[in-house]
Amino acid sequence: MTRRLVVDGRTRTFTLHRPAAAPAGRLLPVVLAFHGGFGNGSGMAGLTHLDAVADQNGFLAVYPDGYQRSWNDGRGSTPADRAGVDDVAFVAALIDELVRDERADPRRVYATGISNGGIFTERLGCELADRLAAIAPVAGPMPADLVAGCRPARPIGVLEIHGTADPIVPYSGGHVNGRGGGGQVASVAATGELWRRLDGCAAQPDVRPVADRVSDGTHLSVATAVGCPDGVGVVVDSFTGAGHTWPSGRQYLPKALIGRTSRQLDASRAIWAFFADYHR
């Protein structure tokens with residue numbers, strides 16, 4: 001169902017999926033899923049199949065719509081950035097509404113997103129950690145302009161998912177390309193290093209390859225933070241040979257434009273498995 005919410009004088013919209021067998025009277029976890037540039041919430045639902053994961057695991061799947069199909073992610077280059085839209089305030093107001101009207105559990109609210117939505121998820125980790133238990137940015141490392149000022153109110157669980165052959169948002173950092181491009185992002189390595197430092201983990205992670213489950217030209221390596229305080233974790237999933245895509249999601253544009261979609265891992269199920277271990 002599509003819902004409306006007025007924030008800072010703007011009418012904002014979001015799509016809400018309630019799990020098919022929601023337990024009566026029980027507070028429900030929430031996964032906020034942010035679409036990429038020039039996308040929308042319904043498209044994000046189709047890309048990720050998070051509704052099915054929500055039905056199987058009993059959480060609310062929520063797909064907000066960006067201002068002019070974009071998020072103010074801190075790069076300064078999106079329509080929402082240029083219009084000065086306070087998307088962090090929108091998300092805070094959205095969480096308030098979900099807690100008030102949808103039996104959402106305020107201690108188990110999570111955020112994920114892809115591309116512009118993934119970069120925005122990084123920003124939420126910096127600026128809304130007092131409302132979120134964990135984040136999972138996909139194909140969207142930390143915006144370069146936010147690195148120095150990222151000071152989350154509390155340690156937060158972080159799962160990063162990125163393709164090394166991403167032609168839009170470079171794995172090694174730098175200028176963001178494509179139709180919704182502009183601005184700079186940190187490298188995936190620097191993003192992981194930043195979150196490990198902010199969460200009080202050891203500087204060097206434990207890096208291990210994962211055996212291929214299919215032969216699709218991609219390979220998964222997992223960097224897991226060590227020495228973290230109890231209840232905190234930082235994991236970076238790097239998909240060698242994968243592009244600007246959601247692992248095991250829909251190949252939403254040709255490989256020539258966005259690169260390959262890895263089938264080594266179902267990102268939606270992996271994200272929920274990670275989130276399920278965290279609460280505020």
Worksheet item: Which residues, taken from segment 1-33, are more than 18 Å from D87 (Cα to Cα) and in a loop (DSSP other than H, G, I, E, B)?
Response: M1, R18, P19, A20, A21, A22, P23, A24, G25, R26, L27
Worksheet item: So which of D130, D145, D105, D86 ends up being acidic (D, E), surrounded by fewer than 21 Cβ atoms within 10 Å (Cβ to Cβ), in contact with a strand residue (DSSP E or B) (Cβ under 8 Å, 6 or more places away or on another chain) and closer than 23 Å to A273 by Cα?
Response: D105
Discussion item. With the requirement that a residue be in a helix (DSSP H, G or I) and of a type in the set (V, I, T), what does segment 179-200 give you?
Written reply: V188, T191
Worksheet entry | Tally of residues being within 19 Å of D96 (Cβ to Cβ) and in a helix (DSSP H, G or I) across segment 34-80 | 1
Worksheet item: If you check S262, S248, S268, which single one turns out to be without any contact (Cβ under 8 Å) to a residue 24 or more places away in the chain, of a type in the set (S, T, Y) and either under 20 Å from P141 (Cα atoms) or part of a loop (DSSP other than H, G, I, E, B) (or both)?
Response: S248
Fill in: Residue under evaluation P229, criteria (1) without any contact (Cβ under 8 Å) to a residue 12 or more places away in the chain; (2) part of a loop (DSSP other than H, G, I, E, B), criterion not met
(1)
Worksheet item: Under the condition of being among the polar types (S, T, N, Q) and assigned to a helix (DSSP H, G or I), which residue from segment 108-127 is surrounded by the most Cβ atoms within 10 Å (Cβ to Cβ)?
Response: N116
Worksheet, complete the sentence: Being surrounded by fewer than 19 Cβ atoms within 10 Å (Cβ to Cβ), in contact (Cβ under 8 Å) with a residue 12 or more places away in the chain and under 17 Å from G113 (Cα atoms) narrows G200, G181 down to just G181
Discussion item. Which pairs turn up if I take residues in segment 142-155 that are among the β-branched types (V, I, T) and look for partners that are assigned to a helix (DSSP H, G or I) with beta carbon separation below 7 Å, at least 6 apart in sequence or on another chain?
Written reply: V147/L194
Fill in: Selected residue (criterion: surrounded by the fewest Cβ atoms within 10 Å (Cβ to Cβ)) from residues of segment 148-161 that are under 11 Å from the mean Cα position of the chain (by Cα) and over 16 Å from V109 (Cα atoms)
E160
Worksheet, complete the sentence: Subset of segment 203-226, residues closer than 29 Å to R280 by Cα, of a type in the set (G, A, S) and either without any contact (Cβ under 8 Å) to a residue 12 or more places away in the chain or loosely packed, with under 12 Cβ neighbours inside 10 Å (or both), comes to A203
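Each reported figure results from applying straightforward, stated rules to the coordinates on display, with no laboratory input. On a predicted model such as this, the values are computed, not experimentally measured, just so you know. Cβ coordinates were reconstructed from backbone atoms using ideal geometry, including for glycine residues, and neighbour counts include every protein chain displayed.
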